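This report concerns only the one structure given below.
The values are calculated or read from the model by the stated rules, or taken from the named source; none is laboratory data. Worth saying up front: this structure is predicted, and the values here are computed from it rather than measured. Virtual Cβ from ideal backbone geometry, glycine too; neighbours counted across all protein chains shown. Quick note on the areas: whole protein, heavy atoms, side chains included, nothing else; ligands and nucleic acids left out. Shrake-Rupley method; radii C 1.70, N 1.55, O 1.52, S 1.80 Å.
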Amino acid sequence: HADLALYKVKERGRNDYFFFDEEMRAEVMRQLQFEDRVRLAVHDGLFTVHYQPIVNSEGTLIGFEALLRWTDPVLGVVPPNAFIPVAERCGLIVPLGKWVLEQACLEAAGWQSSAGGGVKISVNVSPVQLTSPDFVTIVTETLANTGLRPELLDLELTESVLVEHGGRSAEAMQQLRALGVRLSIDDFGTGYSSLSYLRDLPVHRLKIDRSFVRDIVHSEAGRALIESMIEMGRTLKLQVLAEGVETAEQFEILRAAGCDEIQGFITSKAIPAAQAQGMVDHRRLLSSGQRAVAAKSAGE
Ligand code: C2E
Ligand code: MG
Ligand code: MG
Ligand code: MG
């Protein structure tokens, strides 16, 4: 590295190039160290799975999304948006994703027996996982081992994986459909991809990205846009969920526009498994008003 830096200094005759290169080197070192920490955290089992409730337009609990959480003894709380891309780059997402799937299905199999059925679990699936050779086998085995009914499992895929919809992803999606699991498009609207996959692939639900929800109260154009996204989903006979719903005004607009499902801080952030179980246990005992209150306090 030092040689390379000196070479650049000579070549350009400028000292600042040397410093730039040193900085790059430091950055690469940081990346490698971070990668090591992720590897160690996977090895030491430092991850947990939290669950964010999903409600229907009446505010009734219908499912949860499993979200990875990592508190590292050295780094503190590390958000998924920081470690998922790293785990994808070094292949660790495959064992980590398998573990999340197993945890989530185990948890949901418990809800299945306590709630009289019907509480769904959504699990995020990275493109790297979906296209890895034994993903469908892993899903099949996890369902068999946990006893979870396939239709209660929803796998969230991003649009980026569908850009070219031939190939391994399409094949995996068809196989997953045959198993009876549900498929959602996560962060819908942010993938800049053609919409033709909605016609060609077995998608059950659109999760409209929270960037489209943020301004629906104050921007007429923003409201019109999300209304047409919901309308399109309904025309295609897909379930439509809005992500990142934080206020009652947003909830009202979405409900009026015919949005089927809502996820966001308005009900709760992602909570530990035990709290999620508590929410499932009480869901049939509460009125919808009490439900909203219970969901809110569980999230605090
Ligand atoms: P995502 O799948 O779109 O998950 C929703 C994200 O939005 C979560 O962030 C959630 O905490 C956040 N969120 C939910 N409601 C609200 C709200 O009302 N307002 C705001 N501002 N945010 C809200 P989180 O947990 O930080 O996860 C970020 C992303 O990391 C996820 O986005 C997903 O792409 C990825 N991720 C998380 N867990 C996993 C996993 O197990 N596997 C894979 N492959 N990716 C994961
Ligand atoms: Mg998701
Ligand atoms: Mg999302
Ligand atoms: Mg997102």
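Summary table below
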| read-out | value |
| --- | --- |
| Within the range 187-268, strands (runs of 3 or more DSSP E) holding 2 or more residues that are within 21 Å of ARG177 (Cα to Cα), open to solvent by less than 50 Å² (accessible area, probe 1.4 Å) and not small (Gly, Ala, Ser) | 205-208, 239-242 |
| Every residue from the range 162-178 that is of a type in the set (A, V, I, L, M), away from ligand 3 (no atom under 16 Å from the Cβ) and open to solvent by less than 70 Å² (accessible area, probe 1.4 Å) | ALA170, ALA172, MET173, LEU176 |
| Extreme residue, nearest to the chain's Cα centre (by Cα), among residues of the range 214-243 that are within 15 Å of ligand 1 (Cβ to nearest atom) and over 18 Å from GLU159 (Cα atoms) | ARG214 |
| Selection within the range 56-74 - aliphatic (A, V, I, L, M) and either touching an Asp or Glu at 6+ places or on another chain (Cβ under 7 Å) or closer than 30 Å to GLY278 by Cβ (or both) | LEU61, ILE62, ALA66, LEU67, LEU68 |
| Qualifying residue in the range 131-149 (condition: of a type outside the set (Gly, Ala, Ser), in contact with an Asp or Glu (Cβ under 9 Å, 6 or more places away or on another chain) and within 16 Å of ligand 4 (Cβ to nearest atom)) | no |
| Residue in the range 99-140 that is surrounded by the most Cβ atoms within 10 Å (Cβ to Cβ), counting only those that are assigned to a loop (DSSP other than H, G, I, E, B) and within 15 Å of ligand 2 (Cβ to nearest atom) | VAL125 |
| Residue tally, condition touching a residue at least 60 places away in the same chain (Cβ under 8 Å) and either among the aliphatic types (A, V, I, L, M) or within 16 Å of ligand 4 (Cβ to nearest atom) (or both), over the range 94-120 | 2 |
| Any hit, the range 191-210, residues being within 14 Å of ligand 2 (Cβ to nearest atom) and either free of Cβ contacts under 8 Å to residues at least 12 places away in the same chain or of a type in the set (S, T, N, Q) (or both) | no |
| Number of the exception - GLY63 against (1) open to solvent by 30 Å² or more (accessible area, probe 1.4 Å); (2) in contact with a Lys or Arg (Cβ under 8 Å, 6 or more places away or on another chain) | (1) |
| In the range 160-186, the residues that are farther than 20 Å from ALA66 by Cβ and either outside any helix (DSSP H, G or I) or more than 16 Å from ligand 1 (Cβ to nearest atom) (or both) | VAL163, GLU164, HIS165, GLY166, GLY167, ARG168, ALA170, GLU171, GLN174, GLN175, ARG177, ALA178 |
| Lone qualifier among GLY147, GLY189 - being of a type outside the set (D, E, K, R) and more than 19 Å from GLY233 (Cβ to Cβ) | GLY147 |
| Residue count, the range 179-199 (criterion: in contact with a strand residue (DSSP E or B) (Cβ under 8 Å, 6 or more places away or on another chain), away from ligand 3 (no atom under 16 Å from the Cβ) and among the charged types (D, E, K, R)) | 0 |
| Options LEU148, LEU152; residue that is surrounded by 17 or more Cβ atoms within 10 Å (Cβ to Cβ), within 17 Å of VAL240 (Cα to Cα), among the aliphatic types (A, V, I, L, M) and more than 14 Å from ligand 1 (Cβ to nearest atom) | LEU152 |
| Contacts under 9 angstrom Cβ, first residue in the range 146-157 being within 16 Å of ligand 3 (Cβ to nearest atom) and at pLDDT 95 or above, partner open to solvent by 40 Å² or more (accessible area, probe 1.4 Å) and polar (S, T, N, Q), 6 or more apart | LEU155/ASN124; GLU156/ASN124; LEU157/ASN124 |
